[in-house]
1. Cβ contacts < 7 Å: first residue at negative phi and without any contact (Cβ under 8 Å) to a residue 24 or more places away in the chain, restricted to the stretch 279-293; second residue acidic (Asp, Glu) and surrounded by 17 or more Cβ atoms within 10 Å (Cβ to Cβ), any location; separation 6+ or different chain. Result?
2. Whether any residue in the stretch 145-168 is more than 19 Å from VAL244 (Cβ to Cβ) and of a type in the set (D, E, K, R) is what I want to check.
3. Here is a list: LEU252, LEU276, LEU203. Which entry is away from ligand 2 (no atom under 16 Å from the Cβ), touching a Phe, Trp or Tyr at 6+ places or on another chain (Cβ under 9 Å) and closer than 21 Å to LEU118 by Cβ?
4. In the stretch 78-85, is there at least one residue being at pLDDT 90 or above, within 16 Å of ligand 1 (Cβ to nearest atom) and either surrounded by 14 or more Cβ atoms within 10 Å (Cβ to Cβ) or under 30 Å from LEU35 (Cβ atoms) (or both)?
5. Could you check the stretch 197-300 for strands (runs of 3 or more DSSP E) lying wholly inside it with 3 or more residues that are more than 30 Å from ALA106 (Cβ to Cβ) and more than 16 Å from ligand 1 (Cβ to nearest atom)?
6. Determine, yes or no, whether GLY186 is within 16 Å of ligand 2 (Cβ to nearest atom) and either of a type outside the set (D, E, K, R) or in the same structural domain as LEU276 (by TED's automatic domain parsing) (or both).
7. Just to be sure I understand, how many residues within the stretch 213-239 are at pLDDT 95 or above and touching an Asp or Glu at 6+ places or on another chain (Cβ under 8 Å)?
8. Take residues that are under 21 Å from LEU252 (Cβ atoms) and more than 23 Å from the chain's Cα centre (by Cα) and tell me which of the strands (runs of 3 or more DSSP E) falling wholly in the stretch 46-145 contain 3 or more.
Amino acid sequence: MFDDADGDDVVERISPERAFELLGHETRLRILAELDDADDRVQFGDLRDRVGADDPGRFNYHLQELTDRFVRRSDEGYRIAPAGRRVVGAVRSGTLTKEMAAEPTAVDGSCTICDADLVAEFDGDTVRIRCVDCEWILTEPAVPPSVLEDWSIPAVPAATGRWLRRLGVSAKLGLCPNCDGRLDVGLYRPGDPGSPDWFSGTLSPAVRVATCRRCGHWWHTLAEIAVVTEPAVVAFHYEHGIDVFERPNWELDWVELDLASVESEDPLRVSIPITLDGETRTFVVDRDVSVVEVRDDPRP
Ligand SMILES: [Zn+2]
Ligand SMILES: [Zn+2]
C-alpha cells in the first residue's frame with residue numbers, strides 16, 4: 001500500500017454542516033448543474049441567463065458563496081471545480097433515476113457451490129445474484145441507480161460486475177469510490193481487531209476490509225475475490241485470454257469457497273491457488289493484500 005510520513009494535511013477541510021449550508025439553495029445547485037453541463041468557461045451574464053436568475057444581486061451572492069470551493073473563477077469566466085462536479089454527480093445519481101423495478105434476469109456464469117444457473121433479482125437499490133437451485137447468494141450489493149442507467153435489463157448483471165470490479169481497483173489504489181478520500185485497506189482473520197463481526201472464517205480464512213478515513217464508507221471482500229485486481233493475478237488471467245475487467249467474479253470458474261489457506265499468521269500470509277486451463281498458480285498475499293510470492297505448482 002501507499003505510505004507517507006506523518007505531516008501537515010495538504011487540504012483544508014470544511015465541516016459537513018458548512019458544506020450543506022453552502023449548497024442548500026436551489027439557485028446554487030442550478031449554478032453547479034449549468035457549469036457542469038458547459039463545455040467551456042462561462043461569463044457571469046451568460047451564467048445568470050442560463051440559471052434563469054432575475055435578481056442579479058442575489059445571483060451574485062449565491063455564486064460568490066460557491067466560488068473557490070465548488071466553482072473556480074478566472075478572467076475567462078467561471079468553471080466547475082472537482083468538488084462541485086461531485087455534488088452534481090451525487091444529486092443526479094440519486095434523483096434522475098427511479099428505483100430499480102424489473103423482473104429477474106438470467107446471469108452468465110454458474111453457482112460457486114452447486115454449478116447451477118444464476119439469476120439476478122432487483123430489489124430497491126440492491127442487485128442480488130443468486131443460484132436458482134441451492135439459493136446461494138453470490139453477491140447482493142446496493143448499487144447506485146446511475147450505474148445501471150443506459151443498460152438494458154439483460155446487461156445489468158454485467159454492469160454490476162464492472163461496478164464491483166471498480167471497487168476492487170479503488171481498494172488497490174486506496175482511493176474511496178464514494179468521496180475520493182484516503183482508504184485504509186487490510187486483510188483480516190476472524191477475531192482480529194477491526195475484523196467484521198459477521199466474519200467467522202467459514203467462507204474464506206481472510207477478508208479484506210476497506211474503510212474511508214474521510215467519509216466512513218466501507219466494504220468487505222473475501223480474500224479469493226480481493227486478489228483478482230492484483231497485477232500478478234490480472235496477468236495470469238491475461239495469459240489465458242481472460243480480461244478480469246471484462247469478466248465478473250461469478251464468471252471466473254476457479255472461484256470456490258474456502259479456496260485460500262493461511263500459510264503464516266505472523267506475519268500474515270494467505271495463499272490463493274488459481275487454476276486456469278489446468279495450470280495452477282498460487283498467489284501469496286500479505287496483510288496489505290499485496291502479492292508477495294507467486295508459485296507455479298507442478299502440472300499433474
Ligand atoms: Zn447453487
Ligand atoms: Zn470516502
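The values are calculated or read from the model by the stated rules, or taken from the named source; none is laboratory data. Just so we're clear, the structure is a prediction, and the values are computed from it rather than from any experiment. Please note: Cβ atoms are built from the backbone with ideal geometry, for glycine as well, and neighbour counts cover all protein chains shown.
1. Hits for this filter: VAL292/ASP286.
2. Initial filter on the stretch 145-168 (more than 19 Å from VAL244 (Cβ to Cβ)): 145-146, 148-154, 156.
After this cut, where a residue has to be of a type in the set (D, E, K, R) as well, the list is 149-150.
Scanning the stretch 145-168 turns up at least one residue that is more than 19 Å from VAL244 (Cβ to Cβ) and of a type in the set (D, E, K, R).
3. Numbers: LEU252 fails: touching a Phe, Trp or Tyr at 6+ places or on another chain (Cβ under 9 Å); LEU203 fails: touching a Phe, Trp or Tyr at 6+ places or on another chain (Cβ under 9 Å).
Step by step, each of LEU252, LEU276, LEU203 is checked, and only LEU276 is away from ligand 2 (no atom under 16 Å from the Cβ), touching a Phe, Trp or Tyr at 6+ places or on another chain (Cβ under 9 Å) and closer than 21 Å to LEU118 by Cβ.
4. No - not one qualifying residue is present in the stretch 78-85.
5. Numbers: elements: 207-212, 218-222, 261-265, 268-276, 279-285, 291-296.
Fully inside the stretch 197-300 and qualifying: 207-212, 261-265, 268-276, 279-285, 291-296.
6. On the way: within 16 Å of ligand 2 (Cβ to nearest atom): no; either of a type outside the set (D, E, K, R) or in the same structural domain as LEU276 (by TED's automatic domain parsing) (or both): yes.
Judged against the criteria, GLY186 is not a match.
7. Counting residues in the stretch 213-239 that are at pLDDT 95 or above and touching an Asp or Glu at 6+ places or on another chain (Cβ under 8 Å) gives 2.
8. Details: elements: 71-74, 77-80, 105-107, 118-123, 126-131, 137-139.
Fully inside the stretch 46-145 and qualifying: nothing.
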